[in-house]
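Step one of this worksheet: look at the structure below.
The values are calculated or read from the model by the stated rules, or taken from the named source; none is laboratory data. Just so we're clear, the structure is a prediction, and the values are computed from it rather than from any experiment. When we count neighbours, we look across all protein chains shown, and the Cβ atoms used for this are built from the backbone with ideal geometry, even at glycine. To get the accessible areas, we keep the full protein, side chains included, count just its heavy atoms, and leave off ligands, DNA and RNA. Shrake-Rupley method; radii C 1.70, N 1.55, O 1.52, S 1.80 Å.
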Amino acid sequence: MYWNAAPEMISALVIIVILINSRDAHAMPTTRDRMFTFTLYYSLFCFLLNFASIQTVYHYLIVPRWVNMVVNTAYFALYPPVTLVFIFYILLYAFEQAPPEHRVRLKTTSAIILGSTFVYEVIVVLNFTYGWLFYLDETNKYFRGPINRISLILAIFHIIVGLITVFRERQYLDRFFFKVVLWFPMISLGIVIVQILYLEIVLTGTALAIAILSVYLNFQTRRISIDNLTQYPNRESFVSNLENLAHHNKKAMVMVVSLDNFKSVNDTFGQKRGDMFIKLVADKLQELCPKGQVYRYGGDELGLIADSVNGQSVVERIANQFTYQWKVEGVTTRLSASIATLELPFRADPSADPITLLDHTVRTAKNRGKGQTINCDTMILRTIRRKSQLSDRLLQAIATDSLSLDYQPIFSLDSGNMEMAEALLRMEDEQMGTIHPAEFIPLAEELGIIGELGRWVLEKVCILLDEIRSKGREMPVISVNFSSLQFADGNIVRDILGIVSHYRIPAGTINLEITESTFIGSSFHEALSVMESLIVHGINFHLDDFGTGYSNLSYMVNLPFTCIKLDKSLLWDVQEHNRMHHFIESLIKVVRQMDFRVIVEGVENEQQVAYLRKIGCDMVQGYYFSPPLGRSDFIKILESKSFHPLSPIHRM
Ligand code: C2E
Ligand code: CA
Ligand code: CA
């Protein structure tokens, strides 16, 4: 009998190449990944077996009869299950994506496939007696038995059953994978048909190799998973591995290490060295936790999935590492990191999304200052829940127009007249009660609805001004808070001018207040161009919260502000720190010399008023003179002549 085993050899080579290449791709292997690797090894073993079987059949005259029998029986017993392993691999993938309640389908299919394989294996055993698959004559020569092709039929049967099962879950599968899964049986069927027609060419392994190759290519396309800079798996791998761990309730200690102020490291040492520092930190994390896996989670953020057993000591070691210096290319620096840790399964809510938990924990750590390590606990979960409830309520409030505005007067300290008022947004929720703007404004920024909110505020202010004018009274000047994120909105100038001109608001009536600290993040030229386009239409800009965070004097000097608002914390510090006295005094002097007007906010008592008078402060805003007033109260004080800061009637 002549057998051509060349295709089989080439297929074995293909499998070896895939095996070598896929070895490092799975940093944190899942059951399915392990199964894939197992399939590769198992198929290699089968190729060897096939080769051995061909050799024993050829050299029957010198091979002992029992060897010939054992090798060929092993071939029949072990080769067909390789298709089975591969089909299970595909089924596992499909059912990772399908809804959990469909798992019963996986069980049924498994039962059919395993049951039929069992029957087949019984036939293999019975072959010793009956020679159904093959038999050896008295000279030890090999002959095909009457149902020799049953292994092929079994493979076809398994492929069809697997295919039907996968097909039923098609709506949950990504398109690319589905295509691969569809092509695999077609190619295999083609090969099996060729095999039946040309029995002397051994092609079973080729079918297998093609199938494995297609799945491997699928892997590669979907997973360009290694981060170029650090050579560790990227964010997508981290996310999918975490989801997988959470889905299967696996135990692990997960960490996100976020470098603090990394921008300044880049600014000081240059981008290239900055990158080297990130790589160095990544390597260090891997060294400190050799059994875990490091990931590049974000620009200056690294992820780590570690064993839960000594997770806590790993966290401590990592946090401790940041007390030392870091050195690359001869430069040395200290780095600080905010660390978020999460123990899986997350007991407080096993169904919570681990990425949301980690992101939130990192942000909490960052907000608490540099170098903090925070474990995600019930309290963090509670704030996440509150935030999600609040975003629902906020969107609802915008949709139903149920937000409101307060107006807080700003007085001239010299004349005692109200010079202008600041519009402040208020949110009163039936379920959640009063919500502070410091909570919902950042949320609106995060949700990307701050622009809409800003337009809403401006429109309400214009409606009020229009109403005051229609009563024949003089319109007050109103300051509206403006989020720096709104600069990035390409339609911002058109929108603001649209509203202002619709209500025919005269030039000089609307100021926009921009907070200094958030402002710094946005592009200078973008900001300048928006400001200039609005200024020509009579809208003035005030720099809010001056003196908090990182003061960037060049922004203050180079952008066309007309007024600087000193943050309340500066004034409040005066009482505690004597040197602050001189600082504020000089600051006000300098700012006024530069032709800015100055507003000091947060004036709460008489001593502060006396002090501000002494240093020649221009305008004041604070509870001492008036708290923010509801719309009708504000209209009332506009109409009342008795409202005067020297005789504060609206003191809290
Ligand atoms: P802000 O612009 O610095 O507004 C001044 C804040 O100080 C207001 O808090 C006001 O009620 C409070 N305040 C005024 N006088 C005193 C005082 O004497 N003592 C004390 N302790 N506080 C005083 P509010 O209304 O809670 O607003 C907080 C922040 O929310 C505002 O800070 C502003 O950044 C933001 N915000 C409010 N409304 C809007 C809005 O319509 N749009 C945007 N983008 N942000 C807004
Ligand atoms: Ca303000
Ligand atoms: Ca302020």
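Values as computed for the structure displayed
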| read-out | value |
| --- | --- |
| Hey, G472 free of Cβ contacts under 8 Å to residues at least 24 places away in the same chain and either on the phi > 0 side of the Ramachandran plot or within 14 Å of ligand 2 (Cβ to nearest atom) (or both) or not | yes |
| Which listed residue is modelled with pLDDT of 70 or more, in a helix (DSSP H, G or I), touching a Ser or Thr at 6+ places or on another chain (Cβ under 8 Å) and closer than 29 Å to H102 by Cα, from V161, V239 | V161 |
| Selected residue [aromatic (F, W, Y) and open to solvent by less than 40 Å² (accessible area, probe 1.4 Å)] from F238, F269 | F238 |
| Any pair with Cβ under 6 angstrom, 6 or more apart, that starts in region 374-385 at a residue that is of a type in the set (V, I, T) and ends at one that is surrounded by fewer than 20 Cβ atoms within 10 Å (Cβ to Cβ) and outside any helix (DSSP H, G or I) | T378/A348 |
| Residue check for L570: at negative phi and surrounded by fewer than 17 Cβ atoms within 10 Å (Cβ to Cβ) | no |
| Residue list for region 366-417, filter: open to solvent by 70 Å² or more (accessible area, probe 1.4 Å), over 30 Å from K614 (Cα atoms) and in a loop (DSSP other than H, G, I, E, B) | R368, K370, T400, D401 |
| Test set (1) out of contact with any Lys or Arg (no Cβ under 7 Å at 6 or more places or on another chain); (2) within 16 Å of ligand 2 (Cβ to nearest atom); (3) at pLDDT 90 or above - G547 fails condition number | (3) |
| Some residue of region 165-186 being surrounded by 20 or more Cβ atoms within 10 Å (Cβ to Cβ), within 17 Å of F86 (Cβ to Cβ), modelled with pLDDT of 75 or more and within 44 Å of the chain's Cα centre (by Cα) | yes |
| Exclusive hit being assigned by TED's automatic domain parsing to the domain that holds I496 and within 16 Å of ligand 1 (Cβ to nearest atom), set R455, R473 | R455 |
| Qualifying helices (runs of 4 or more DSSP H) (wholly inside region 7-112; at least 1 residues being of a type outside the set (D, E) and without any contact (Cβ under 8 Å) to a residue 12 or more places away in the chain) | 31-58, 65-78 |
| Residue among I588, I535 that is open to solvent by 40 Å² or more (accessible area, probe 1.4 Å) and touching a residue at least 12 places away in the same chain (Cβ under 8 Å) | I535 |
| Hits in region 618-635 (condition: more than 9 Å from ligand 1 (Cβ to nearest atom), more than 12 Å from G416 (Cα to Cα) and touching a Leu at 6+ places or on another chain (Cβ under 9 Å)) | G630, R631, F634, I635 |
| Residue check for P81: under 25 Å from M9 (Cβ atoms) and out of contact with any Lys or Arg (no Cβ under 9 Å at 6 or more places or on another chain) | yes |
| Sole exception among (1) among the aliphatic types (A, V, I, L, M); (2) within 16 Å of ligand 2 (Cβ to nearest atom); (3) within 25 Å of V493 (Cβ to Cβ) for M531, by number | (2) |
| Index of the failed condition, V620 passing every other in (1) open to solvent by 30 Å² or more (accessible area, probe 1.4 Å); (2) over 43 Å from the mean Cα position of the chain (by Cα) | (1) |
| Unique residue being at pLDDT 85 or above and away from ligand 3 (no atom under 16 Å from the Cβ) when the list is L553, L534 | L534 |
| T39, sole failed condition from (1) modelled with pLDDT of 85 or more; (2) under 21 Å from L213 (Cα atoms); (3) not hydrophobic (A, V, I, L, M, F, W, C) | (1) |
| So Y135, is it in contact with a helix residue (DSSP H, G or I) (Cβ under 9 Å, 6 or more places away or on another chain), in the same structural domain as Q55 (by TED's automatic domain parsing) and not in a helix (DSSP H, G or I) | yes |
| Selection from region 301-357 of residues that are in a helix (DSSP H, G or I), of a type outside the set (S, T, N, Q) and in contact (Cβ under 8 Å) with a residue 24 or more places away in the chain | G311, V314, V315, R317, I318, A319, P354, I355, L357 |
| Qualifying position, being assigned to a helix (DSSP H, G or I), within 24 Å of L512 (Cα to Cα), more than 16 Å from ligand 3 (Cβ to nearest atom) and of a type in the set (S, T, N, Q), among S632, S586, S569 | S632 |
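Here's the yes/no breakdown for (1) open to solvent by 50 Å² or more (accessible area, probe 1.4 Å); (2) aromatic (F, W, Y):
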position: L44; (1), (2): no, no
position: F51; (1), (2): yes, yes
position: V71; (1), (2): no, no
position: F86; (1), (2): no, yes
position: E101; (1), (2): yes, no
